[in-house]
Each structure stands twice: as C-alpha cells, then as structure tokens.
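Visitor: I'd like to ask some things about the structure below.
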Amino acid sequence: MKKAANKTTAKKVAPKYIFVVGGVMSGVGKGVASSSIATVLQARGHKVTAMKIDPYINVDAGTMNPTEHGEVFVLKDGLETDQDMGNYERFLNTDLPRINYMTTGSVYLSVIEKERNLEYKGKNVEVVPDIPLEVIRRIKEAGETAGADVVQIEVGGTVGEYQNVLFLEAIRMMKSDQPDDVAVVMVSYLPVPGSIGEMKTKPTQTAVRMLNNAGVFADMIVCRSPIGVDIKRKEKIAKFCNVKVENVISAPDVESIYDIPLNYEEDKLSFQLSGILNLPNKKSTDLKEWKKFVSRSKSVTVPVKIAVVGKYFNSGDFILSDVYLSVLEAIKYSAYKLNLKPEISYLSAQEFSDKKQLKKLKDYDGILVPGGFGLTGIDGKLNVIEYARKNKIPYFGICYGMQLMVLEYAQNVAKLKNASTAEIDAKAEHLVIGIMDEQKEKLAQKNMGGSMRLGQYPAKLTKGSVAAKAYKAELIEERHRHRYEVNPDYVPLLTEKGLRFSGVSPDGTLMEIAELPKEEHPFFVGVQFHPELKARPLDPHPLFTAFIKTAYEAD
C-alpha cells in the first residue's frame, strides 16, 4: 500500500485582540488614543484593523443630531458611523468596512432577527450569553475580513456605566477563552486639581477596581493628564492597579492629536503591547513619514485664512467644531502639504441673515460651506455664497453647500426668483433642487434610518474642468450622504447661464459637481459628495488642496 505523501501546512496564527476602555470620565480622547495605538502597531509591521463599539440603542449614527454626538462619518460601503471611525481611517490611512462598527442597537437587532429566523434552533435566547456572543462573532469576523494580525476594539463610554456592561462581558469571555490573545488597555484621566497642585491617582485606581468588578483586568493603563506622569505616580498606579510599571503610559496634553503616536513610542507602548500579546517584534517602529507630517504642521508660518460657515457651530456658550471634524482636518492636511498654516474661523450661518455682516468675509482667503440639513441658517448661507461669487472669493460647497450654491445661482443669475429646494419648500414654483426619485417612497413611508444615498459612487469629470485638473483624472469615486439632488430639468437653463456641471454620474442623470470656469471665478466649486471623508494626513484630498492653493494665491 502506497503511503500518503507528507504534507506540511503552515499553521495560521490567531489574530490578537486589543480592547480599549475608558475610565474616570468621558471626553479625554479615547478615540484618538485608540487610533494612535493602532498606528504605532501598524508602524511596527503588524496588519491592524480598528473597530468601535458604541453603547447606544440607535442602530447606527445616522439619525442622531450632530450637536449631540459630533459628525456622522460615512464608510465606503455606506454605513453611517461615529466620528471615531474617521479617526481610525485617517490614522491608519485605510478604508474600513461596516463590520468594524457596532452599536447596542445593531447587536440586539441582529440577535432578534436571528431568533425570528429560527437560527437559534428553538433555544431560549438570553441577554447573557447571546448578546456578548454576537459581539464576539462580529469582532472575529472583522479580523477575518481584514486578514489582520491585530484587531483593536474601542468600547464607547466609561467603565461603571450600565450601558457598556455587556461589552465588558464579551471581553471577559474572550479573555477566558483566549488568554494569550487578548489585551485590555484602559485610558484613564489623572487630574491635577489647582487648589492641591498634585497629580491624583485615586480616580484611576477606582476606575480599575470597577473594571475588575466586571471580571476584566487591565494589562496597560494610558494616563491622560494635563502634564506628563512622573515615575512616582507610575509606580503607585502599577502597585494599586496590578500592572507592570512599564505598562503605565504617560499621555499628557499635546499641541496636536498627531503628536500622540510619537509620544506613545517615547514610552515604548508598541513594544510593551507586543510583549503582552506575544506578537513578533518584526522591526523597530517606522514612523518616518508620520514624523515628517507632524514636523511640517508645526513649522509652517505662512497663513491661509479659511472661513467655515455652518449651522451647527453654536451650542450655548460653546463652539461645536466636532460637527465638521473631517472638513476641518481635510483643510489642515492640504494646507500643510502646501506649506501653509491654516487659520480656520468657525462662523455661524445664522449671523449672515443680516447682509451687513457679510463685510466680515472680505478678511478671508477662502470660504467653505459644509453639509447640513433643514431650514436653519439657509438665508445666511445663500447670502454668503452670493458674496463669495460676486467678490471672487474662492468658494467650496460640500453637499448642501453645493445645492445652495446652485440655488443661489438660479435665483440671482438665472433670475428664477421663486427657486427653492424641495427640502425647504416642496411646493415652490421652481424646484431647482428636488428629491431623488429613489427617495420619494422612502420619505412617504417615513423610512429615515440608513436610507439616504450612502457610500461610494463613481462620477465622470469634464476634461479640462477645475475639478478634473484638481483630481488629474476623468473618473473618480467619492462617498455620499444625501436625499436631494439638482433637478435635471433645470440643468440646460443653468448651463446656458454659465454654470458648468463638470461631474456627473456615469449615466448622466445626477449632477455631482458644479463649478464656474476659471476665467469667471478663481474657484467656485460645489460637490454633492463628501470629499472630506477620504482626506488623510499622509494623503490630502486633491479638491481641498486645489481650494486651499487658490485661496492662498487669489488676489
């Protein structure tokens, strides 16, 4: 009998999982801490993917008011997510799929749908263990989808909250099953009360004990604080929180979030985490390009002044810049690439309802109107757009900012005095901006969640146009989030009056980019999509770069 040939198969190494949880208080930068940890591990040669778990019942982030939760970040495949997913994509310079984001609502919905479909084969479905098991299933699927060595998972909220206890249970179960493959990093705040003048570790000790009560134990503690953490404080935290002193990482306030990966490496974070998880230390960390970007961002001195005119900035006595986070970062990346210092002003659209206020805009090199919804601030935005057009100030309109740019042109150049958008006045005489055909039934049925035109779609550009020159391409793909569009019935008239639709869907039915020719205006461009979602620190978006360049060079 012939012996079977010996076959050797390489054993597949199981992915490693890093959970990042928060202690003491929210808002101390757990999202950018997670992004930075992922970045330094990637720079060490590991294939890393990043996930976010949000502990709210909303199925996704799309139905939440941005003043409550910051901007909605749209993934390439169309899922509306928390803004931290944008940080992950920017820091890792990659696109992430929908499996990398979950909420309490989406997890419960999946379990209930499976139960209705008899996928549990008639067994009693319970919150524990079935909800944590669904969380674990998604985490492992994300790792497999990415082919990752390391899956990093940020758990929203802070330990001790009722909302995230089931996610902590998922961590406990995974750690119990795969003790060598799971690490837990707590990001905690160490206050320095002014009246005391000493850094206090007790709140962090308390947070760690609360985490322990859930059966989860931190392997590393990242200490957020106004100043660096000294060795005495590190030793105290190590002693009372049961971690090695070298796994207590100092994370003081910094000038820019892009300094954080570099600061972590000063405390050898990636080396320590690799040791905790028995990851091969493939090489020393390569952050050369990242360091160049950070250095350039700090060395630029020549200013370019950009006004971002939005409806969501004002909230009581506070300015909510997170509502337009990706837009603001995209401006910075392009400015740094051009060796310019971006000076960004956040201006409320509502104040420009009074045309006397428009004279403030003459001090700016460029004006940007970002996306948004609804009536609030629309008169102010239209006034701003008219001012930019007439005074030849470089203008960039995104999504609603493009629709209002077209509407302003229809009213003041094409002389359609009763022109409007169906979003504001569905019975207007001239609906220059109408609802997309595919959206009419959805709105009639109040099908609002996750039902807009979402995700990445292609567009054809007109050769020689401002847009085509910026992209250096005639076919592009960009991410969308909208229900309304330029009404194609008005395109011939608007074109005759001088407005150029230089980007259209491949079938020619959807107007994706509107612009004025260069000889008429230095830069007057509106896009129906959201280019900011694809801008990266090491790879700025070409349209933003063209806008900033023109803003700086224009008279």
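Visitor: Please specify each residue of region 32-74 satisfying the condition of being of a type in the set (D, E, K, R), touching a residue at least 60 places away in the same chain (Cβ under 8 Å) and not in a strand (DSSP E or B). So that I can check it myself, show each step before the final result.
Guide: First pass over region 32-74, keeping only residues of a type in the set (D, E, K, R): 44, 47, 52, 54, 60, 68, 71.
So of that shortlist, the ones also touching a residue at least 60 places away in the same chain (Cβ under 8 Å) come out as 44, 47, 52, 54, 60, 71.
Scanning region 32-74 gives R44, K47, D60, E71.
Visitor: For region 133-144, check the following and say yes or no: at least one residue is over 30 Å from P280 (Cβ atoms), at pLDDT 95 or above and outside any helix (DSSP H, G or I).
Guide: no
Visitor: Looking at region 405-431, I want the residues that are in contact (Cβ under 8 Å) with a residue 24 or more places away in the chain and farther than 24 Å from P394 by Cα and have a partner that is small (G, A, S) and surrounded by fewer than 15 Cβ atoms within 10 Å (Cβ to Cβ) with Cβ atoms under 9 Å, at least 6 apart or on another chain. Which pairs are those?
Guide: E423/G374; I424/G374
Visitor: Mind counting the residues in region 420-437 that are under 30 Å from E80 (Cβ atoms) and either part of a strand (DSSP E or B) or not assigned by TED's automatic domain parsing to the domain that holds S502 (or both)? Outline the logic, then answer.
Guide: Within region 420-437, the subset under 30 Å from E80 (Cβ atoms) is 420-428, 431-437.
Within this subset, residues satisfying the condition of being either part of a strand (DSSP E or B) or not assigned by TED's automatic domain parsing to the domain that holds S502 (or both) are 420-421, 431-435.
Number of matching residues: 7.
Visitor: Same structure, new question: Quick one: in region 36-75, which of the residues that are within 12 Å of the chain's Cα centre (by Cα) and within 20 Å of E144 (Cα to Cα) is surrounded by the fewest Cβ atoms within 10 Å (Cβ to Cβ)?
Guide: L75
Visitor: Determine which single condition G197 fails, assuming it passes every other condition in (1) under 24 Å from T49 (Cβ atoms); (2) surrounded by fewer than 16 Cβ atoms within 10 Å (Cβ to Cβ).
Guide: (1)
Visitor: Since V491 meets every condition but one in (1) more than 30 Å from L416 (Cα to Cα); (2) without any contact (Cβ under 8 Å) to a residue 60 or more places away in the chain; (3) among the aliphatic types (A, V, I, L, M), which condition does it not meet?
Guide: Going through the list (1) more than 30 Å from L416 (Cα to Cα); (2) without any contact (Cβ under 8 Å) to a residue 60 or more places away in the chain; (3) among the aliphatic types (A, V, I, L, M), V491 breaks only (1).
Visitor: A follow-up question, please. Inside region 460-512, can you point out the residues that are among the hydroxyl-bearing types (S, T, Y), buried (at least 20 other Cβ atoms within 10 Å of the Cβ) and closer than 30 Å to T63 by Cα?
Guide: The answer is Y484, and nothing else.
Visitor: Just a yes or no: is a residue in region 242-258 touching a Gly at 6+ places or on another chain (Cβ under 6 Å) and not in a helix (DSSP H, G or I)? Lay out the reasoning, then the answer.
Guide: In the first step, residues of region 242-258 are kept if they are touching a Gly at 6+ places or on another chain (Cβ under 6 Å); the result is 250, 252.
Filter once more, keeping what is not in a helix (DSSP H, G or I): 250, 252.
Yes, there is a match, as at least one residue in region 242-258 is touching a Gly at 6+ places or on another chain (Cβ under 6 Å) and not in a helix (DSSP H, G or I).
Visitor: Still on this model: Keeping to region 246-274, report how many residues are small (G, A, S) and either closer than 18 Å to I227 by Cβ or surrounded by fewer than 16 Cβ atoms within 10 Å (Cβ to Cβ) (or both).
Guide: Quick first cut of region 246-274, residues small (G, A, S) only: 250-251, 256, 270, 274.
If we keep only those that are either closer than 18 Å to I227 by Cβ or surrounded by fewer than 16 Cβ atoms within 10 Å (Cβ to Cβ) (or both) as well, we get 250-251, 256.
Of the residues in region 246-274, 3 are small (G, A, S) and either closer than 18 Å to I227 by Cβ or surrounded by fewer than 16 Cβ atoms within 10 Å (Cβ to Cβ) (or both).
Visitor: When you scan region 100-115, do you find a residue that is basic (K, R), over 13 Å from the mean Cα position of the chain (by Cα), more than 27 Å from P370 (Cα to Cα) and in a helix (DSSP H, G or I), even just one?
Guide: We begin by selecting, within region 100-115, every residue basic (K, R); these are 114.
Restricting the remaining residues to those that are over 13 Å from the mean Cα position of the chain (by Cα) gives 114.
Next cut, more than 27 Å from P370 (Cα to Cα) only: 114.
So of that shortlist, the ones also in a helix (DSSP H, G or I) come out as 114.
Within region 100-115, one or more residues are basic (K, R), over 13 Å from the mean Cα position of the chain (by Cα), more than 27 Å from P370 (Cα to Cα) and in a helix (DSSP H, G or I).
Visitor: Looking at region 171-181, can you tell me whether even one residue there is in the same structural domain as I57 (by TED's automatic domain parsing), buried (at least 23 other Cβ atoms within 10 Å of the Cβ) and touching a helix residue (DSSP H, G or I) at 6+ places or on another chain (Cβ under 6 Å)?
Guide: First pass over region 171-181, keeping only residues in the same structural domain as I57 (by TED's automatic domain parsing): 171-181.
Still in the running and buried (at least 23 other Cβ atoms within 10 Å of the Cβ): 171.
Right, trim to touching a helix residue (DSSP H, G or I) at 6+ places or on another chain (Cβ under 6 Å) and you get none.
Within region 171-181, none of the residues are in the same structural domain as I57 (by TED's automatic domain parsing), buried (at least 23 other Cβ atoms within 10 Å of the Cβ) and touching a helix residue (DSSP H, G or I) at 6+ places or on another chain (Cβ under 6 Å).
Visitor: Sticking with this one: Given the conditions (1) outside any loop (DSSP other than H, G, I, E, B); (2) at pLDDT below 95, report the number of the one that R209 does not fulfil.
Guide: Answer for R209: the failing condition is (2).
Visitor: Additional query: Here are Y346, Y336, Y409, Y364: which of them is under 22 Å from the mean Cα position of the chain (by Cα), modelled with pLDDT of 95 or more and of a type in the set (S, T, Y)? Before the answer, list the steps.
Guide: Working: Y346 fails: modelled with pLDDT of 95 or more; Y409 fails: under 22 Å from the mean Cα position of the chain (by Cα); Y364 fails: under 22 Å from the mean Cα position of the chain (by Cα).
Going through Y346, Y336, Y409, Y364 in turn, just one is under 22 Å from the mean Cα position of the chain (by Cα), modelled with pLDDT of 95 or more and of a type in the set (S, T, Y): Y336.
Visitor: Right, something else. Since F529 meets every condition but one in (1) of a type in the set (A, V, I, L, M, F, W, C); (2) surrounded by fewer than 19 Cβ atoms within 10 Å (Cβ to Cβ); (3) assigned to a loop (DSSP other than H, G, I, E, B), which condition does it not meet?
Guide: Of everything listed in (1) of a type in the set (A, V, I, L, M, F, W, C); (2) surrounded by fewer than 19 Cβ atoms within 10 Å (Cβ to Cβ); (3) assigned to a loop (DSSP other than H, G, I, E, B), F529 misses just condition (2).
The values are calculated or read from the model by the stated rules, or taken from the named source; none is laboratory data. This is a predicted model, so every value here is computed, not measured. All Cβ positions, even for glycine, are placed from backbone atoms using ideal geometry, and neighbour counts span all protein chains on display.
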